[in-house]
Amino acid sequence: MARGKFITFEGGEGCGKSTQLGLLGEALGKEGIDVVVTREPGGTPLSEKIRSLLKDEFGDPPCDRAELLLFLAARAQLVRNVILPALDRGAWVVSDRFSDSTFAYQGYGRGLSLEAISVANEFACGGLRPDLTLLLEVRPSTAAARMRGREAATNSSADRIELAGDEFHLRLKRGFEKLAELEPDRIKRVDAEGTPEEVAKRIWTYLKPLL
Ligand code: Z5A
C-alpha cells in the first residue's frame, strides 16, 4: 500500500480555508480516495481541548512562548494519533493549517526566533512535512467582509488571535509570502478571490499531478 499524501491549507483568517477544505475532501472522495480531513489546532480530543485554551479569554492569556508550546503540543498529538496512522494506511490527509502557520503567526507575527521554532516544531512532528500546501490569498477587505458575514451568521465575535491588530496581520501576510518564496515547489499561492467554486477549480489544478 502506497503512503497517502499530506495536503495543508494556509492563509490569514477569512481567506476561505475551511470552505475549500470541505470541497477538496468531497472532490478527493469522488476520486475514490480515502480522505481524512482535520484541523489545527485540533483534530484529537486533547488537541481540541488545547484549541479552546488557545482561543478562549479566561483572564490569563498565554505569553508568546506558552502559546507556541501549546500549538506544538496539539500538533504532536495530532501527528502521532491521526496523521501518521492515516498516511501509513494509504489515506490522504487534508489539514486546515499546519507548521507554516506556526512560522507565520508565532515567528513572523509574534517575533519569536524562527530557528527556535524550527527545532521545536521538528521535535513535535518528527520531521513530517506536507506534500502540498495551498496558501489562499485574498485582499484584506475581502477577508474582513467574509469574517463579518460569518460572525453575523453564527452570532459569534472575533477571538484573541483575530484581535491581534493590523500590524500583526501585515507581518503575518509577509511571513506567508516569504515561506512560499523559500519553498515554491511545496507551497502554491492560490488567488482565493471569487466564488468558492472558482477557487476550488484553481486548487484542483495543483491536485491533479498528485492523483
Ligand atoms: N494558529 C497559530 O497562531 N499558530 C499555529 O501554529 C496554528 C494556528 C496551527 C486558528 O483559528 C487560529 O490559530 C488562527 C491561526 C492560529 N488564528 N486566528 N485568528 P481558526 O481555526 O478558528 O480560524 P482560521 O484558521 O483563522 O480560519 P477562519 O477564520 O475560520 O477562516 P477560513 O477557514 O479561512 O475561512 P472560512 O471559514 O472558509 O470562510 C469564512 C467565511 O467566508 C464563511 O462564512 C464562508 O462561508 C465565507 N466564504 C468562504 N469562501 C468564500 C468565497 N469564496 N466567497 C464568499 N464567501 C466565502
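Got a number for residues in the stretch 21-44 being among the aliphatic types (A, V, I, L, M), outside any strand (DSSP E or B) and more than 9 Å from the ligand (Cβ to nearest atom)?
The qualifying residues number 5.
Can you find, within the stretch 71-82, the residue that is farthest from the ligand (Cβ to nearest atom) among those that are surrounded by fewer than 20 Cβ atoms within 10 Å (Cβ to Cβ) and closer than 21 Å to Gly25 by Cβ?
Only one residue tops the list, namely Asn81.
Conditions (1) over 15 Å from the mean Cα position of the chain (by Cα); (2) within 21 Å of Gly11 (Cα to Cα), marked per residue:
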| residue | (1), (2) |
| --- | --- |
| Leu28 | yes, no |
| Asp34 | yes, no |
| Arg39 | no, yes |
| Pro45 | yes, no |
| Glu48 | no, yes |
| Arg51 | no, yes |
| Glu57 | yes, no |
| Asp60 | yes, no |
| Asp64 | yes, yes |
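Would you confirm whether or not the stretch 83-104 contains a residue that is within 20 Å of Leu163 (Cβ to Cβ), within 15 Å of the ligand (Cβ to nearest atom) and among the small types (Gly, Ala, Ser)?
Yes; the residues of the stretch 83-104 include at least one that is within 20 Å of Leu163 (Cβ to Cβ), within 15 Å of the ligand (Cβ to nearest atom) and among the small types (Gly, Ala, Ser).
Spot the failing condition for Tyr108; the list is (1) more than 10 Å from the ligand (Cβ to nearest atom); (2) surrounded by fewer than 16 Cβ atoms within 10 Å (Cβ to Cβ), and only one is missed.
All conditions pass for Tyr108, except number (2).
Would you check which residues across the stretch 111-127 are in a loop (DSSP other than H, G, I, E, B) and surrounded by fewer than 19 Cβ atoms within 10 Å (Cβ to Cβ) and list them?
Scanning the stretch 111-127 gives Gly111, Ser113, Gly126, Gly127.
Out of Thr142, Thr195, Thr205, which single residue is within 19 Å of the chain's Cα centre (by Cα) and of a type in the set (S, T, N, Q)?
Only one candidate qualifies: Thr142.
Specify the residue that is surrounded by the fewest Cβ atoms within 10 Å (Cβ to Cβ); the eligible residues are those in the stretch 18-33 that are under 19 Å from Lys208 (Cα atoms) and in contact with a strand residue (DSSP E or B) (Cβ under 7 Å, 6 or more places away or on another chain).
So the residue we want is Gly29.
Spot the failing condition for Phe58; the list is (1) surrounded by fewer than 16 Cβ atoms within 10 Å (Cβ to Cβ); (2) hydrophobic (A, V, I, L, M, F, W, C); (3) over 23 Å from Ser113 (Cα atoms); (4) within 15 Å of the ligand (Cβ to nearest atom), and only one is missed.
Status for Phe58: all satisfied but (4).
Give me the residue from the stretch 160-204 that is part of a loop (DSSP other than H, G, I, E, B) and in contact (Cβ under 8 Å) with a residue 60 or more places away in the chain and, out of that set, surrounded by the most Cβ atoms within 10 Å (Cβ to Cβ).
By that ranking, first place goes to Ala192.
Does the stretch 137-148 include one or more residues that are in contact with a His (Cβ under 8 Å, 6 or more places away or on another chain) and either away from the ligand (no atom under 11 Å from the Cβ) or polar (S, T, N, Q) (or both)?
Within the stretch 137-148, one or more residues are in contact with a His (Cβ under 8 Å, 6 or more places away or on another chain) and either away from the ligand (no atom under 11 Å from the Cβ) or polar (S, T, N, Q) (or both).
Values quoted throughout were computed directly from the atomic coordinates according to the rules given, and no laboratory measurement underlies them. Note that the structure is predicted; figures quoted are calculated from it, not measured. We place every Cβ from the backbone using ideal geometry, glycine too, and count neighbours over all the protein chains shown.
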